[in-house]
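Colleague: Starting off with a structure, shown below.
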Amino acid sequence: MEIYDTEEEQVAAIKRWWKENGKSTIAGIAVGIIVIVGWNQWKKNKQEKSSEASVLYEQLLTNIADEKYQPSEKISNNIIQQYGSTSYATYASLLLAKTKVQQGDLESAKEIFRELMLKANTIELKHVARIRLIKLLLATGENEKGLQLIAEVDQATTQGFSGSYDELTGDLYVALDRLGEARTAYQSALREGIKSPLLQFKLDDITVAEIVENDLIKE
């Protein structure tokens, strides 16, 4: 540390330091101010967008409840296009798919779910989109495609969803008349914590079907 004997020497040292470092110090302060102002502005814009999207989303829920499909689709597309960076865009897409299903336009609903599987802003919502797509594939008899979508799932990300995938796997196998594999899938779903009475009914139904089939074979 430098030690100065007089006040004049201290002042001279400060002047020298300022001459050598003053510009960079001012630049650093300016950059810091710009970063802070920019961050605050970004947060403000994000909050404003989220608030605007929230208002539109409430309108969307009201229209869907009233079965006003055309206005619902218009609002959904508006949210998706204008507020794509918010979670409301994903939820609006899910609701748009729901209205397509209600109108019988299953192919459009499938396309929406396929896009969400890739673009939804959380892993959880991607799983929701995948599961709903698989249910539509089951409803339209595209059972092998449904099984393929389940096979492609990254098992490391399925916490909270594995039971649902297992139950859907069972449903698809039943539709393909592969009852042994369906039983295994349903039993796995039970182990994963799915406790719905419907799941147990599905298992019981397989047991009955197998008993009837065995009796027919014996005859």
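Colleague: Which pairs break 25 Å Cα to Cα here: 119/195; 126/202; 98/145; 100/145?
Modeller: In this structure, 119/195; 126/202 exceed 25 Å between Cα atoms.
Colleague: Throw me the Rg/Rh for segment 144-219, computed over C-alpha atoms with Kirkwood Rh, two decimals.
Modeller: The Rg/Rh ratio comes out at 1.04.
Colleague: Just add up the charged neighbours of residue 62: K/R +1, D/E -1, any other residue whose Cβ is under 15 Å from the Cβ of residue 62.
Modeller: Values: positive: 68, 74, 98; negative: 58, 66, 67, 73.
Taking every Cβ under 15 Å from that of residue 62, the sum is -1.
Colleague: Quick check on segment 94-137: what does the Kirkwood estimate of hydrodynamic radius come out to from the alpha carbon pairs, in Å?
Modeller: With all distinct Cα pairs of segment 94-137 included, I get 10.0 Å.
Only the coordinates and a few stated rules stand behind these numbers; no lab work does. None of the values given here were measured: they were computed from a predicted structure. Glycine gets a Cβ as well: all are built from the backbone with ideal geometry, and neighbour counts include every protein chain shown.
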